[in-house]
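Enquirer: Below is one structure. I have some questions about it.
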Amino acid sequence: MMSSSVIDQTSSLSSQNILISSSNAPIVDFSVGSMPANYGYDESFSKEEDEDESNEETSQFKPRILIMGLRKSGKTSIKNVVFHKMEPTDTLFLDPTTKTNLEDISCCSFITFQVYDCSGQIDLFSDPTCDYNALLKGCGSLIFVIDAQDEDQYHDAITCLIQTVHKGYNINRSIKFEVFIHKVDGFPDEKKMEIYNEIQQRTSEMLVQQDGSDTMIQKIYLNYHLTSIYDHSIFEAFSKVVHKLIPQHRQLERLLDYLCNSCGLERAFLFDVASKIFIASDSLSPLDTQLYELCCDKIDLVLDISNIYAPNDIEGISSDDASYTCVKLNNELYLYMKQVNKFLAFVCVIRDEIFMENRGIMDYNLTLFKDSIKDILLAQQNMSLLANQTNLNQNINNTGSSGGQDLSQMANSLLGNI
Ligand SMILES: Nc1nc2c(ncn2[C@@H]2O[C@H](COP(=O)(O)OP(=O)(O)OP(=O)(O)O)[C@@H](O)[C@H]2O)c(=O)[nH]1
């Protein structure tokens, strides 16, 4: 219904213009080990020689997401679809996970976190080979996946969730529990809401029952999402999980609010291009799922075009100031996309008459916006550096060894790239 014609591709469709010139892109310290190279992740960003060493040391400061759930609930599929661009239908052939996998995901400058994919085949809490204390201690968010298509297993899944919440909360009070009521594709909306309410109600009742009061349920952060890998709901839910782990999320939201107000935008997003997780969106109106899906499709379209014109060495989309892509929808709206840096893209929806009027203002404001993002990145890296320094000082105090050289190496690798 809303399809479209590309009215203004990047400056021209030569591969040089579509490709990001890495020399112009703001270079930041990313570790990208787990991401496929052809989704905009420049090897040269991550494969600096001494970076591995510093990544190892900084990895302990990355927020961690733990994915848990009963067997066959869809944990590995979620991870692969969101972070590895696996086609949903290919997940039908996935082997069962037999041990907990730790994976470093460094989607963009803001998200550097780790995902633990726990095996549903073994009970984490009774497995002697798994140090669940350490696992939960460093965990920022725990995603618990419940298979909504398997009504017979609801009870077991909820029992396991309650046990997990109890253990998790006792080990780490700040952990955020996110329940993915998964595989809801094919269900009508009423059925989805029915399952949602049922699971939420049963979980609350059992938590109160086990705890003997409602004290715990008032204190824990427990949130529910309806998800499926066959539509955008999994990306939306993961985005919401990630937002809570980004300390600068509110600042980014406010930046987008300013941009919407000053340029007359209907909606604005800051996307991680590779995963289509949106890092932030303006807070002026509630999230419109249809618009979000259109923006995701827009990213796919641009990546596809880029792949055609630069199939071998595609590393992203042009991030120079003059390049942007714009698609006119058949309802007087434009979808506008501009790469902010190697990993992040700004995507907005704007009315056509306002777009024509405000193009100059938009170009100017987007230049400022890109600079602000760079400042936020720098601030984040300084904070990581400070955290590392504190840790090193603690190590020095504990072991009596000198960590001065390590620290200066780390500082160079973190800040030298900006
Ligand atoms: N219909 C539907 N099927 C899904 C969805 N997500 C995953 N599946 C299917 O569920 C099955 C199990 O998925 P896995 O990702 O292997 O499940 P898991 O939780 O990692 O399983 P274990 O390795 O046993 O812990 C696969 O056949 C997937 O194709 C979904 O959103 N909708």
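Enquirer: Which value in nm describes the separation of the simple spin-label points at Asp363 and Ser283, placed 7 Å from the Cα toward the beta carbon?
Expert: Placing both labels 7 Å along Cα→Cβ, they lie 3.3 nm apart.
Enquirer: If all Cα-Cα distances of the stretch 64-243 are sorted into 5 Å bins from 0 onward, what percent lands in each bin, rounded to whole numbers?
Expert: 1, 8, 17, 22, 22, 16, 9, 3, 1
Enquirer: Length gain on complete extension for the stretch Asp152 to Asn261, per 0.36 nm per residue less the alpha carbon to alpha carbon distance?
Expert: 34.3 nm
Enquirer: Report the antiparallel proportion of the DSSP beta bridges in the stretch 64-243 as a percent, rounded to a multiple of 5.
Expert: 15 percent
Enquirer: For Asn307 and Ile217, compute 0.36 nm times the residue count separating them, minus their Cα-Cα distance, and round to one decimal in nm.
Expert: 27.5 nm
Enquirer: Follow-up. Using 0.36 nm per residue of separation minus the Cα-Cα distance, give me the extension gain between Ser126 and Gln210 in nm, one decimal.
Expert: Taking Ser126 through Gln210 to full extension adds about 28.3 nm, to one decimal.
Enquirer: Only counting other Cβ atoms within 10 Å, I'd like Leu291, Leu368 sorted with the fewest neighbours first.
Expert: Leu368, Leu291
Enquirer: Using a 7 Å offset from the Cα along the Cα-to-Cβ direction at both Asp95 and Glu194, what is the distance between the two label points in nm, to one decimal?
Expert: In this crude spin-label approximation the distance works out to 4.0 nm.
Enquirer: Please report, in debye to the nearest 20, how large the charge dipole of the stretch 64-243 is about its Cα centre when each Lys and Arg carries +1 at its beta carbon and each Asp and Glu carries -1 there.
Expert: 680 debye
Every read-out reported here was derived from the displayed coordinates using simple, explicitly stated rules and does not represent laboratory data. Quick caveat, the model's predicted, so the values are computed rather than measured. Using ideal geometry, Cβ is built from the backbone for each residue, glycine included, and neighbour counts are taken over all protein chains shown.
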